[in-house]
Every structure is written in structure tokens, then in C-alpha cells.
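Q: Please find one structure pasted underneath; my questions will follow.
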Amino acid sequence: EKDKEDESKEEDSCSQQNRASRRKNYQRKNSDGKKAGEEGSQQRERGKKAPTKDQKESENKERKTNKKGKEGESKQKKDRKNSTSSTSSNSSDEESLSEEELAMLMEQVEQKKKLISTMRNKPWRMVKKLSVLREAQAFVEKFEGALGKGKGKKLYAYKMMMAKKWVKFKRDFDNFKTQCIPWEMKIKEVESHFGSSVASYFIFLRWMYGVNLVLFGLIFGLVIIPEVLMGMPYGSMPRKTVPRAEQATAMDFSVLWDFQGYIKYSALFYGYYSNQRTIGWLKYRLPMAYFMVGISVFGYSLMVVIRSMARNANESTADGDDDNFIFSWKMFTSWDYLIGNPETADNKFASITTSFKESIVDEQESNKDENIHLRRFLRVLANVLIICCLCGSGYLIYFVVKRSQTFSKMQNIGWYERNEVEIVMSLLGMFCPPLFETIAALENYHPRIGLKWQLGRIFALFLGNLYTFLLALMDDVNEKLAEEDMVKNITHWTLLGHHNLSAGNSSTATPPPLDPADVPRGPCWETTVGIEFVRLTVSDILVTYITILVGDFIRACFVRFVNYCWCWDLEAGFPSYAEFDISGNVLGLVFNQGMIWMGSFYAPGLVGINVLRLLTSMYFQCWAVMSSNVPHERVFKASKSNNFYMGLLLLILFLSLLPVAYTIMSLPPSFDCGPFSGKKRMYEVIQETIELDFPLFVAKIFSYVANPGLIIPAILLMV
């Protein structure tokens with residue numbers, strides 16, 4: 001019973017490791033002695049039958065083993081006595097030794113924790129790492145809990161408990177933040193079924209939504225809300241009133257669908273805003289705010305795009321396109337670890353196998369003579385055909401815009417004549433990319449290189465169509481500017497005649513004000529440009545959604561339910577299920593964002609329409625992808641696709657800035673609408689603010705900075 005009590009005390013005392021190891025050694029020796037005694041007894045039994053010499057030898061061996069066993073037992077008893085005395089002294093002097101033991105244990109536990117955290121970086125074999133890791137974890141689990149015993153050790157145990165709870169809280173909070181990222185789980189689901197190349201489109205769409213949300217906050221908070229709350233109310237001035245001739249049909253659906261009537265004279269467009277230098281009791285400088293917000297839209301977008309490109313460049317990894325070590329790249333970097341769907345995994349497996357076969361064939365044929373002239377001829381022919389398509393689409397848009405200007409001067413025109421420009425541009429954007437893809441089959445490029453060529457060609461198509469539309473629109477703007485001179489004189493003489501008529505009737509009384517609805521209006525070319533951009537955006541939204549419904553959903557329903565009673569296999573043959581068009585959707589987003597950047601200066605509410613479009617597109621397209629599309633036969637990783645998208649976005653941002661800068665610096669604003677009416681150029685609002693609101697020396701500094709001798713070197717430095 002004493003021995004059992006001693007052993008329990010030894011197990012409870014954590015600081016007696018060395019003595020416990022000695023006790024184990026002595027127990028081993030004791031067990032050896034017992035085994036030797038058993039062997040001696042067995043030899044004794046055998047010796048009864050053996051001759052006398054063997055009997056003597058066995059007796060001698062038995063005596064030796066008995067001596068060893070007695071010596072081992074005596075030593076073990078001495079050690080037990082020493083251990084009992086030491087444990088009793090420890091229990092009595094627990095308070096005196098606890099500080100030293102606590103410090104030693106804390107130091108050892110911290111060393112083991114540090115070893116566990118840095119185990120992955122040790123240049124050891126895996127067997128050694130695992131063994132050392134298990135020993136360290138066992139040590140920490142054993143003695144970290146022992147530190148919580150005793151009066152002076154409870155605080156440390158409490159700290160350790162709180163540290164563990166804090167680590168768990170941070171882990172749970174990180175999971176909560178991941179759950180709070182908009183559409184994160186939805187994008188992960190798409191990524192697991194279709195690979196990272198399709199998911200990169202939805203990540204790009206979410207990023208675009210965030211950028212447009214910030215732009216909408218700037219425009220809505222600094223331009224629209226101040227004008228609505230502190231500006232002149234609706235109907236108080238001509239620019240905020242529907243003309244008398246249009247009031248009868250101002251609420252018709254066909255008129256509102258064309259963004260005429262009450263929508264045209266609302267805060268959605270440029271012409272609604274007042275040209276008063278300050279409005280409201282806050283003396284808010286609305287024209288200055290309108291100009292600075294218009295510039296800030298481009299500045300913020302440029303900063304965000306460049307920052308995202310830099311981040312993607314730092315995070316991107318090699319995608320296997322390197323010319324050196326092709327098979328090593330394919331072996332170790334080809335798999336997409338975000339795939340979680342069996343069908344997509346099978347497609348990826350087949351894609352990797354096919355790419356290995358293609359690389360082997362390419363390696364074998366690289367040493368052979370090939371007909372390179374035929375390949376060059378086919379590629380030149382494909383590019384010539386695509387250039388002809390681009391030129392034809394540009395001419396068609398220019399012809400349609402000029403024709404629509406003729407229709408605008410006519411009355412009682414049909415729905416097609418009113419929306420011919422939007423319909424033609426949408427149809428070109430729908431049918432030209434598949435035509436480009438068919439022509440690109442002549443080039444025999446690698447699919448990833450072919451995808452980038454396809455993206456570049458569709459981008460050229462959209463950009464050419466947009467700039468052709470702008471050039472044709474500039475002709476309309478010049479006509480409206482010439483018309484404004486005539487209307488300006490008519491308005492002046494109308495107001496003068498009303499004043500003279502009122503003065504002739506009663507010279508003493510003040511003349512009654514003229515009803516704003518009866519004042520002659522100018523064409524307000526800024527609002528006309530804004531209406532065209534809004535109509536293009538809305539028509540693009542409708543065409544996109546109808547294309548998804550008809551081209552993906554109805555097609556998938558037809559293949560799914562009619563396949564049982566058809567002559568051939570619809571799933572394997574024509575028409576089959578649709579694949580998600582990455583290039584077309586990405587460039588549709590880029591093209592749409594370019595229209596938003598250009599049109600937001602003339603239609604401040606256009607950014608709000610785009611925010612709603614992106615919000616609905618995320619849900620609608622995610623549903624369409626998961627319900628109607630199938631994974632690509634060749635699944636590629638999207639390691640550098642996001643940066644390629646950002647490069648296209650940066651290019652169209654620069655090209656979108658050019659028309660806006662041209663109108664600000666070169667064209668005169670309308671005389672009776674918008675915040676810059678009454679000025680020769682829009683940028684004069686800055687000069688006016690500097691002269692009237694800043695000290696004199698600030699105006700001198702700006703005049704020196706505006707010197708072309710400084711501007712030209714600054715532009716060269718930025719380039």
C-alpha cells in the first residue's frame with residue numbers, strides 16, 4: 001500500500017521527471033533479476049535429471065542471480081524511500097519551489113509551442129518532424145494543464161484559457177468575415193463546378209459592382225441630393241418643367257420608354273441642374289461640385305484599376321505557359337484544386353491528358369519540317385476577314401446613327417425607327433463574336449492564346465462600334481449647337497416681348513412672370529447625349545437577359561426533355577448544352593463600364609442604373625450557369641485572367657476619358673440647361689471659384705501651374 005501511495009504521488013508531481021526515469025530503469029533491472037531467477041529455477045528442474053557437473057553449474061548461476069535480484073530490490077527500496085522523502089518535502093515546500101518550477105515549465109512550454117509553430121520550416125525528414133511534433137504536443141498538453149494547479153498558478157491558467165478562447169474567436173470571426181463577403185459562397189459553388197476560369201468572371205463582376213457602388217455614392221451624395229434638397233423645386237424654372245406642347249403625352253409609356261417626358265426633365269440628366277453659383281442655406285457650390293465629381297469618377301476608377309492590377313501581379317503565379325520545362329509545369333501546376341464537382345474534375349483530367357498528348361506531339365513535330373507558309377497564309381486570311389467584319393460593323397453603325405437623326409426630325413415614327421441604333425448595336429454584339437470564333441478556327445492557335453485573341457477582337461469590335469457611335473453623335477451635337485443660336489435669340493425676344501406687353505398694360509405694376517412651360521427651349525445637347533447612353537445601357541441589359549433565357553435556359557430545357565424522343569443524341573450532338581461564354585461576358589462588362597464612364601457626366605443617374613444591372617446580373621447569371629450550362633471541355637486555370645481583364649478595363653477607361661475631356665475643353669455648354677449654362681466653356685467654373693473664393697496669391701499660383709511649360713513636362717512624366 002505504501003508503494004502504491006508513493007507511485008501515485010510520483011505521477012501527480014510533474015517536476016520529478018528525472019527521478020521517474022530512474023525508477024523505470026530500476027524496475028527494468030528488477031524485472032531482469034526476476035527473469036534470471038525464473039531461468040535458474042528452470043535450470044534446477046533440469047539439473048535434477050542431469051549429471052553432477054551440470055547441477056553444480058546451475059547452482060552457481062542460481063546463486064548469482066539471487067544476489068543480483070536482492071541487490072536490485074534493495075536499491076529499488078532505497079530509491080522509493082528517497083522518492084517518498086522528496087515528494088513529501090515537495091508537498092511541504094510547494095510554495096517555495098513553485099515559482100522556480102513554474103518559471104521552468106513556462107519556459108519549456110513556450111519553447112515547445114515555438115517548435116510546433118516553426119516545425120514546417122525545419123530541414124528535417126518527415127519521420128523526425130512527426131515524432132518531434134508528437135512529443136512536443138504531448139508535453140504541451142500535459143504540463144500546460146499542470147500549470148493551472150496551485151494558488152499562484154491560477155492566473156496563468158486563466159490567461160492560457162483566455163488565449164485559447166481568443167484564438168478560437170479570431171478563427172470564428174475570420175469565418176464570419178468570409179461569410180459576409182458578398183456572394184462568396186455562391187462564387188465558390190460556381191468555382192467548384194466550372195473551375196476558376198468561369199469563377200474569375202463573377203469575381204470581376206463583384207469587383208465592378210463595388211467600384212460602381214462607390215461612384216454612385218459620390219454622385220448621389222454630392223450632386224443629386226444637394227440639388228433635390230436645396231435647389232429650386234420642380235416647375236419653378238424652364239429647365240425643370242415639361243414644355244406645354246409635351247405635357248399631354250409626358251406620362252405615356254412609349255414616351256417614358258424613350259426617356260422623354262418627365263424623365264427627361266428629372267435629376268437623372270444633366271439639364272435638370274441649376275447654374276446658380278451657390279444653393280441653399282449651406283451656400284453649396286453645385287456647379288463646382290458637379291465638375292469635380294465628374295473628374296473624380298475617372299480619378300478614382302484609375303486609382304482602383306491600377307491598384308488591383310498591381311495586387312494581381314504580386315499574387316499571380318506561373319500558369320504553365322513558360323517555354324522552358326513545359327512538362328514539369330504541366331505535371332505540377334496543371335490541376336485546379338478549387339474544383340469540387342465530379343464532372344468538372346473528369347473534364348479537367350481529360351484536359352490535362354490531352355494537353356500532355358499535344359505537348360508530346362508538338363515536341364516530336366518541332367524537329368520535323370512543317371508547311372509554315374500554309375499556316376501563315378491561313379492566319380493572315382483570318383485577320384483580313386475579321387478586319388472586314390469590323391469595318392462593316394462600323395460603317396453600319398455610322399449609317400444607322402445618321403439615319404436616326406433623320407427620323408428624329410419626323411413625326412409619327414414607329415418603335416423600330418426610334419430604337420434602330422440600339423437594336424443594331426446589340427445584334428452586332430450578339431452575332432459578331434461567334435463569327436470571329438468560327439474564323440479563328442483557321443489559325444489553329446492554342447486554346448488559351450486563342451481566347452486572348454478572341455478577347456482582343458471582340459474588344460476591338462465593341463470599341464470601334466462605340467467610337468463610331470460617338471463620331472456620328474458629334475455630328476448631331478454640332479447641329480444642335482447651330483440650332484441653339486437661333487433658339488437663344490427666339491427666347492430672348494420672347495421674354496423681352498412679354499416684359500414690354502406687361503409694361504404697356506400697367507406701367508406701375510410689376511409684370512406677371514411668364515409660365516416656365518411656355519418659355520422656348522434650346523435642344524440641350526448634353527441631355528441628348530445622356531439619353532443616348534442611357535438607352536444603350538438599358539437595351540444592352542435587355543438583350544443580355546433575353547440571350548441568357550433563350551440561348552441558355554430554353555435551349556437546356558429543349559435538350560433535357562426532348563432528347564428522349566429525338567432522332568439523335570441532343571446532349572452529345574447538336575444543339576447540346578451551352579458552355580459559359582467567358583470572353584463575351586467579360587467584354588460585355590468592360591464595354592458597358594466604358595459607356596457608364598462616358599455617360600455619367602451627362603446623365604448622373606446612369607451609375608445608379610448600372611448598379612442595379614450588376615446586382616441583378618450576379619443572381620441571374622449565377623442561376624443560369626448552375627442550371628443551364630455545362631463545364632468547358634478544356635478547363636483552364638485563371639491565374640492571369642483577372643489582370644488581363646483589368647488591362648482591358650484600363651484601356652477603355654483611358655479611351656472613355658477622351659470624349660469627355662474634349663467636350664469639357666472645346667464645346668460650349670447649352671445656354672439654358674445644366675450647371676455650366678452661361679459660360680463659354682465648362683472648365684471656367686474652376687477659374688470662377690479660384691477668383692471669387694480663394695485669396696489672390698492662390699490664383700497666381702494656379703496661373704503659374706497652368707503654364708504650358710509645366711503642363712507638357714508633367715504629361716510626359718506621367719506617360
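The values are calculated or read from the model by the stated rules, or taken from the named source; none is laboratory data. Bear in mind the structure is a predicted one, so any value in this text is a computation, not a measurement. Heads up, the Cβs are rebuilt from the backbone with ideal geometry, glycines too, and the neighbour counts pull from every protein chain shown. Just so you know, the surface numbers come from the protein's heavy atoms only, side chains and all, with ligands and any DNA or RNA stripped out. Shrake-Rupley method; radii C 1.70, N 1.55, O 1.52, S 1.80 Å.
Q: May I ask you to list the residues in the range 192-236 that are charged (D, E, K, R) and in contact with a Ser or Thr (Cβ under 9 Å, 6 or more places away or on another chain)? If you could, list the steps in order and put the result at the bottom.
A: Step one: list which residues in the range 192-236 are charged (D, E, K, R), which gives 206, 227.
If the condition is that a residue be charged (D, E, K, R) and in contact with a Ser or Thr (Cβ under 9 Å, 6 or more places away or on another chain), then E227 is the only one that fits.
Q: Look at the range 641-670 and say how many of its residues are over 16 Å from I306 (Cβ atoms) and at pLDDT below 85.
A: 1
Q: Would you point out which residue out of L451, L435 is open to solvent by 50 Å² or more (accessible area, probe 1.4 Å), modelled with pLDDT under 80 and in contact with a helix residue (DSSP H, G or I) (Cβ under 9 Å, 6 or more places away or on another chain)?
A: Details: L435 fails: modelled with pLDDT under 80.
One residue alone meets the criteria, L451.
Q: Now for a different question. Is the range 547-569 home to any residue that is over 21 Å from V293 (Cα atoms), open to solvent by less than 30 Å² (accessible area, probe 1.4 Å), β-branched (V, I, T) and without any contact (Cβ under 8 Å) to a residue 60 or more places away in the chain?
A: Checking the range 547-569: at least one residue is over 21 Å from V293 (Cα atoms), open to solvent by less than 30 Å² (accessible area, probe 1.4 Å), β-branched (V, I, T) and without any contact (Cβ under 8 Å) to a residue 60 or more places away in the chain.
Q: If you take the residues in the range 152-169 that are part of a helix (DSSP H, G or I) and open to solvent by less than 100 Å² (accessible area, probe 1.4 Å), which one is modelled with the highest pLDDT?
A: Among residues in the range 152-169 that are part of a helix (DSSP H, G or I) and open to solvent by less than 100 Å² (accessible area, probe 1.4 Å), the one modelled with the highest pLDDT is V167.
Q: If a residue must be part of a helix (DSSP H, G or I) and either open to solvent by 70 Å² or more (accessible area, probe 1.4 Å) or not assigned by the TED database to the domain that holds I423 (or both), how many such residues does the range 222-271 contain?
A: Total satisfying the criteria: 9.
Q: Could you list, in sequence order, all residues of the range 687-719 that are exposed (fewer than 14 other Cβ atoms within 10 Å of the Cβ) and among the hydroxyl-bearing types (S, T, Y)?
A: S703, Y704
Q: For the range 212-221: of the residues being open to solvent by less than 10 Å² (accessible area, probe 1.4 Å) and hydrophobic (A, V, I, L, M, F, W, C), which is farthest from K348 (Cα to Cα)?
A: I219
Q: If I filter the range 194-206 for residues that are under 29 Å from E422 (Cα atoms), open to solvent by 40 Å² or more (accessible area, probe 1.4 Å) and assigned to a helix (DSSP H, G or I), do I get at least one hit?
A: For the range 194-206, residues under 29 Å from E422 (Cα atoms), open to solvent by 40 Å² or more (accessible area, probe 1.4 Å) and assigned to a helix (DSSP H, G or I): present.
Q: Also: (1) modelled with pLDDT under 90; (2) open to solvent by 20 Å² or more (accessible area, probe 1.4 Å): which one isn't true of L147, the others all being true?
A: It is condition (2) that L147 fails.
Q: Still on this structure: Go through (1) without any contact (Cβ under 8 Å) to a residue 12 or more places away in the chain; (2) assigned by the TED database to the domain that holds M232 and name the single condition P695 misses.
A: (2)
Q: A further question follows. If you go through the range 101-115 one residue at a time, how many are among the aliphatic types (A, V, I, L, M) and modelled with pLDDT of 85 or more?
A: Qualifying residue count, the range 101-115: 1.
Q: Filter the range 273-308 for residues that are closer than 19 Å to G647 by Cβ, open to solvent by 50 Å² or more (accessible area, probe 1.4 Å) and not basic (K, R) and give the result.
A: Hits for the range 273-308 are Y300, L302, M303, I306.
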